[in-house]
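The values are calculated or read from the model by the stated rules, or taken from the named source; none is laboratory data. Given the structure is predicted, the values throughout are model-derived calculations rather than measurements. A quick note on method: Cβ atoms are made from the backbone with ideal geometry, for glycine too, and the neighbour counts reach across all protein chains shown.
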Amino acid sequence: MDFFSQRELTAQIGHDVSEWPLVILKELLDNSLDACEEAGVAPEITVTADATGISVADNGPGIPDCTIESVLDFNVRVSSREAYVSPTRGAQGNALKTLATMPFVVDAEHGRLLVESCGQHRVIRCGMDPVTRRAVVHCEATPSTKTPGTAIRTEWAPRSHNGRVLWPFEDVCPVETNTGWYWSIRERVETLFRGFALFNPHLCLSVDWFGQKWTAKATDPTWKKWQPNHPTSSHWYEHQHLERLIGAYIAADQDKGTSRTVAAFVAEFDGLTGSQKRKRVLDEVRLLKREPLTVLTDENGFRRELVDQLLGAMRKHTRPVKAARLGIIGREHLLVRFTQAGCDPEQFQYSKRAGVENGLPYVLESAFSWRGEGAADRREIIAGANWSAAIKNPYRSFGSTGEGLEAHLTELKAGANEPILFALHLAHPRLQFADRGKSSIVIRDVEDHEQ
């Protein structure tokens, strides 16, 4: 079972068990931000952590029942959204599914997921039948008065040793930063929160971490970026990417007992939502608007020539997306956040590169500052992509050089023992990952992006 063992779950998410609390935080923050943006509201997110779990609540529209049902359907391994090319946070496609089983994997007896949304409070316990090796899901629902928004909590039994709180992730200590032989994630948690506040000017983030409270207010509640529900662009696909999307949609339709048309599929692309544009595309490839999406396949697989013709026609009748439409974090916002982190504003430096390469727009922003007198001799790197903060530096390979961000900074006299803060963010619709867990991103031509 892909989601019910430590080994498989680690492979799915690309992080060791000791980092799973960070995965919980990142994925729930990603989902809350997406939900708020799709609803057109400035995100207000609250994170709470205690001895028995992690909770994340937002002011979005509430996670719908059908999404929860999909998350708990372990016959479907990957979401069709995983094949969708877009500059958005949800690149994994099955994040909530991994979070549903994570409490069971680390605490089979007490682990559970609590979801409060749309007038329902659900207590979800996932497990695996020891004989059939099939998923067993128990979901108890009771009425809830929470509205609007969603509150999700991953929960386990309390544990401690020598007076220290421990979580069941290889005895991770979530409170103290100096714990001796205990593995502490406190500093990494703070860096993750700082990253989300850095990369999302419209976010108001409130944290209650074992009674210690911290808030980052939005610097621009009206800030705009490419929304999760915006249409994808045909210019972001090569043949293999479009085939993968078509295949994922056909599989999803089969699971639901439905069948979408080619016209409905074309309507999901930027610049083709209008009926006249869609008609021109379909006429060019000699397809009728009521023909099913399966017309692009036959008994041998995909009809490659027809798929190529469709992709060419969609590109012909649309324009590439300009980089500015992706969204720009901006110097002013980053300066505010760096100053709040104790950096010297006089030493602050900001760089931005934006453009379109082979139909793919990108915005690469970086910021740097010295932390000032009295700061610890420690370099802090905050990196992310598509407005999501990374758990660990994802830029571990720079194209032809093969070196990573840390090595590159060291060459620039910004080594690991220097009291600096450095942030790097990339907005891009089709990130190139170097690993299955999608935790390592490749950037080409690092020389062009030096600060």
Inset, instruction - For the stretch 274-290, indicate whether the set of residues that are of a type in the set (S, T, Y) and in contact with a helix residue (DSSP H, G or I) (Cβ under 7 Å, 6 or more places away or on another chain) is non-empty. - result: no
Legend entry - Check on R278, touching a Leu at 6+ places or on another chain (Cβ under 6 Å) and assigned to a helix (DSSP H, G or I): yes
Legend entry - Selection count, the stretch 226-239, where residues are surrounded by 14 or more Cβ atoms within 10 Å (Cβ to Cβ) and touching a Leu at 6+ places or on another chain (Cβ under 7 Å): 4
Legend entry - Yes/no for L272 being touching a Pro at 6+ places or on another chain (Cβ under 9 Å) and in a loop (DSSP other than H, G, I, E, B): yes
Inset, instruction - Six or more apart or on different chains, Cβ under 9 Å: which pairs go from a residue in the stretch 212-225 that's surrounded by fewer than 17 Cβ atoms within 10 Å (Cβ to Cβ) and assigned to a strand (DSSP E or B) to one that's at pLDDT 95 or above and β-branched (V, I, T)? Could you list them? - result: K213/V207; W214/V207; T215/V207
Legend entry - Failed criterion for L198 (all others in (1) more than 24 Å from V115 (Cβ to Cβ); (2) among the hydrophobic types (A, V, I, L, M, F, W, C); (3) in a loop (DSSP other than H, G, I, E, B); (4) modelled with pLDDT of 95 or more hold): (3)
Inset, instruction - Could you list all residues from the stretch 255-270 that are surrounded by fewer than 17 Cβ atoms within 10 Å (Cβ to Cβ) and within 16 Å of M314 (Cα to Cα)? - result: A264, E268
Legend entry - Count - residues of the stretch 281-299 that are of a type in the set (D, E) and in a helix (DSSP H, G or I): 2
Legend entry - Residues of the stretch 226-276 classified as touching a Lys or Arg at 6+ places or on another chain (Cβ under 7 Å) and either on the phi > 0 side of the Ramachandran plot or small (G, A, S) (or both), total: 4
Legend entry - Residue in the stretch 383-398 that is surrounded by fewer than 16 Cβ atoms within 10 Å (Cβ to Cβ), of a type outside the set (A, V, I, L, M), modelled with pLDDT under 85 and in contact with a helix residue (DSSP H, G or I) (Cβ under 9 Å, 6 or more places away or on another chain) present: no
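This table checks each residue for (1) of a type in the set (D, E, K, R); (2) at pLDDT below 95; (3) surrounded by 21 or more Cβ atoms within 10 Å (Cβ to Cβ).
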| site | (1), (2), (3) |
| --- | --- |
| E8 | yes, yes, no |
| I13 | no, yes, yes |
| E19 | yes, yes, yes |
| L25 | no, no, yes |
| L28 | no, no, yes |
| C36 | no, no, yes |
| T52 | no, no, no |
| P64 | no, yes, no |
Inset, instruction - May I ask you to list pairs of residues, at least six apart or on different chains, whose Cβ atoms are under 9 Å apart, with the first in the stretch 271-298 being not assigned by TED's automatic domain parsing to the domain that holds G312 and surrounded by 15 or more Cβ atoms within 10 Å (Cβ to Cβ) and the second being assigned to a loop (DSSP other than H, G, I, E, B) and not β-branched (V, I, T)? - result: none
Legend entry - Sole exception among (1) more than 26 Å from E176 (Cβ to Cβ); (2) surrounded by fewer than 23 Cβ atoms within 10 Å (Cβ to Cβ) for A57, by number: (1)
Inset, instruction - Return only the number of the condition from (1) touching a Gly at 6+ places or on another chain (Cβ under 9 Å); (2) under 30 Å from G384 (Cα atoms) that T297 does not satisfy. - result: (2)
